[in-house]
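Trainee: Once you've had a glance at the structure underneath, I'll fire off some questions.
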Amino acid sequence: MKTIESECGDIIDCVDIYKQPSLQNALLRDHKTQLKPTKEPPKILHKLKGRNYSFPEQTWRRSGSCPEGTIPIRRKPTSADDEAAKRSLPFFSYAHPTDAAIKDEGKGKLEIAAAYGVYGPYHGASAALPIWKVQVEPNEFSKNYLLIASPHNRIFPPIIGLDPPDIKNQIAVGMAVYPSVLGDDNPRLYIYATNDGGEKSHCINHECGFIQTNNQFALGTMFRDSDSRVGGDLYFVTVALYRATGPAVWWLSINEVPIGYFDPNMFPVPFIESFHNEMGGRVLDTRPGGRHTLTPMGSGMYASAGANNAATIAYYLAVNKNGGDQVDDPVNTIVTTAKCYDVKNLGPDRDHPGTDVAYGGPGGYYCDQ
């Protein structure tokens, strides 16, 4: 219905809300679109007053806006590499894929530095995600994320503090530098979902079952004037994944604006609540020539450098069954190569509710030593 050419080169198509790609999914054939959530999203921004954080708008909004009744969809960039994307996409999930997925690139490895909480069941999570621009090696990615997940095995006693038997139902939101799919080396907003732990199902942005209802934010786009600096200005986007009242419908909000949801039919095994809330960073190391590449994670600084230098997921809070804040402690960690990337739970902030988690590292050839 309308096309917007952004100053950064993105082309945004304003698409009729009822003709968006996700509604072509066979699982959603008889779907009735919900235009608004039955519950307001978690409020985050006012709780961060006093911190030296900035929350920029998306770049394309400077060039126009989509009319009511439409949603903004970024047109696939011509610079995207479909073959490289096909090889790397299995590594974008939140499980460990096989090396065979990118066998022509060597022994590929998914690097992880993350923390997670298992003190649920939860009805979601919220946090402020940092925006960092880093240079990635060819066919690789560097991303951060906030993840909620639940098991397919529903016959288990949910014991607080213990991992669920699996985390095959997953929804994540984050910022990624992923040239093969997103087209360039800018950090861009993405969402991801799978209903089988990433074995066959890989849904990024509008590819599968996410139904967008708001015209203010476009998936796959960047935020203007938002390059965080080590020891300097820091830029964030606040996100929340939360369950509305009634049926198990998971909504996504960006900067406190509900922008869309996943219909329950997206998950053949019901995704009723989360038993695993995870946050941190991930890097794909394709290992050309059999050695580790230089792709950094986060700001490129180790988590021990602190919140002003290392990339930090700020003010993480779980969502309880009533839709309120739940103070959660993500004490469990996943670190694949501590020499290159690490994670640190910085604990609760004295002046602001929630927990800060720093993550990242420089990568490098010495990682294999």
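The values are calculated or read from the model by the stated rules, or taken from the named source; none is laboratory data. Note that the structure is a prediction, hence the values are computed from the model and not measured. Don't worry about glycine lacking a Cβ; one is built from the backbone with ideal geometry, like all the others, and counts go over all protein chains shown. In case anyone asks, the SASA skips ligands and DNA or RNA and just uses the protein heavy atoms, side chains included. Shrake-Rupley method; radii C 1.70, N 1.55, O 1.52, S 1.80 Å.
Trainee: Just a yes or no: is a residue in the stretch 169-191 part of a loop (DSSP other than H, G, I, E, B), among the aliphatic types (A, V, I, L, M) and open to solvent by 10 Å² or more (accessible area, probe 1.4 Å)?
Mentor: Going through the stretch 169-191, the residues part of a loop (DSSP other than H, G, I, E, B) turn out to be 178, 183-187.
The next check asks that each one be among the aliphatic types (A, V, I, L, M); those that pass are none.
No.
Trainee: Test of understanding: among GLY174, GLY209, GLY197, which residue is within 25 Å of SER150 (Cα to Cα) and within 11 Å of the chain's Cα centre (by Cα)?
Mentor: The match here is GLY174.
Trainee: Those residues that are under 18 Å from ILE259 (Cβ atoms), open to solvent by 50 Å² or more (accessible area, probe 1.4 Å) and touching a residue at least 24 places away in the same chain (Cβ under 8 Å), I need them from the stretch 3-36; list them, please.
Mentor: Hits for the stretch 3-36 are PRO21, GLN34, LEU35, LYS36.
Trainee: I would also like to ask the following. Mind telling me which of the residues ILE102, ILE73 ends up being farther than 16 Å from GLY280 by Cα, of a type in the set (Val, Ile, Thr), open to solvent by less than 70 Å² (accessible area, probe 1.4 Å) and modelled with pLDDT under 95?
Mentor: ILE102
Trainee: Considering only strands (runs of 3 or more DSSP E) fully contained in the stretch 300-369, which possess at least 1 residues that are modelled with pLDDT of 95 or more, open to solvent by 20 Å² or more (accessible area, probe 1.4 Å) and out of contact with any Lys or Arg (no Cβ under 8 Å at 6 or more places or on another chain)?
Mentor: Working: elements: 311-319, 332-335, 342-348, 355-360.
Per the criteria, 342-348.
Yes/no matrix, rows are residues, columns are (1) closer than 15 Å to GLY281 by Cα; (2) of a type in the set (Phe, Trp, Tyr); (3) touching a helix residue (DSSP H, G or I) at 6+ places or on another chain (Cβ under 7 Å):
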site	(1), (2), (3)
ASP325	no, no, no
PRO330	yes, no, no
TYR341	yes, yes, no
GLY347	no, no, no
THR355	no, no, no
CYS367	no, no, no
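Trainee: Being of a type in the set (Val, Ile, Thr) and either within 19 Å of the chain's Cα centre (by Cα) or open to solvent by less than 30 Å² (accessible area, probe 1.4 Å) (or both) is the requirement here; does VAL283 meet it? Give the derivation first.
Mentor: Details: of a type in the set (Val, Ile, Thr): yes; either within 19 Å of the chain's Cα centre (by Cα) or open to solvent by less than 30 Å² (accessible area, probe 1.4 Å) (or both): yes.
Yes: the conditions hold for VAL283.
Trainee: Can you pull out the residues in the stretch 76-91 that are open to solvent by less than 80 Å² (accessible area, probe 1.4 Å) and modelled with pLDDT of 80 or more?
Mentor: If the condition is that a residue be open to solvent by less than 80 Å² (accessible area, probe 1.4 Å) and modelled with pLDDT of 80 or more, then PRO77, SER79, ALA80, ASP81 are the ones that fit.
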